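The values are calculated or read from the model by the stated rules, or taken from the named source; none is laboratory data. Remember, predicted model here, so these are calculated numbers, not experimental data. Note that we place each Cβ from the backbone using ideal geometry, even for glycine, and neighbour counts take in every protein chain shown.
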Amino acid sequence: MNGITIDHGHIRQWAESRGARPVMHAQNGEAASPTISFPEENHGNEVSWDEWLRCFESGPWAFIWQDTTSDGQPSRYWRLVPRFGPPVTDREHGQRKAS
């Protein structure tokens, strides 16, 4: 399954199930932005999930994820995208989707 969500619990569960941790990344003096770093990566300063989620909400961002690759392995594909317009609820999964 692929999707887009703003649900904090889902984002954290997806990341932790893949060994990822929350980090903040700043580039060229810009404000730090939330990102996720996997064990072999170094994409910024590790922070608490609470701090990461506060920054995520202040974006405001939405989290796009992919559960599995085409060969059935857990996927690490994810992106943060700006939220556009009011979210629409996916009633089957209880998650919000960008309109």
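Specify the residue that is modelled with the highest pLDDT; the eligible residues are those in the stretch 23-39 that are surrounded by fewer than 14 Cβ atoms within 10 Å (Cβ to Cβ) and under 21 Å from GLN13 (Cβ atoms).
This residue is PHE38.
Check SER99, SER70 and return the single one that is surrounded by fewer than 16 Cβ atoms within 10 Å (Cβ to Cβ), modelled with pLDDT of 90 or more and assigned to a loop (DSSP other than H, G, I, E, B).
So the residue among SER99, SER70 that is surrounded by fewer than 16 Cβ atoms within 10 Å (Cβ to Cβ), modelled with pLDDT of 90 or more and assigned to a loop (DSSP other than H, G, I, E, B) is SER70.
Between residues in the stretch 30-53 that are within 18 Å of TYR77 (Cβ to Cβ) and residues that are of a type in the set (Phe, Trp, Tyr), which pairs lie under 8 Å by C-beta distance while being six or more apart or on different chains?
Final answer for the pair search is PRO34/TRP52; PRO34/PHE56; PRO34/TRP61; ILE36/TRP78.
Please give the number of the condition ASN2 fails out of (1) more than 12 Å from the chain's Cα centre (by Cα); (2) modelled with pLDDT of 95 or more; (3) of a type in the set (S, T, N, Q).
Exception for ASN2: condition (2).
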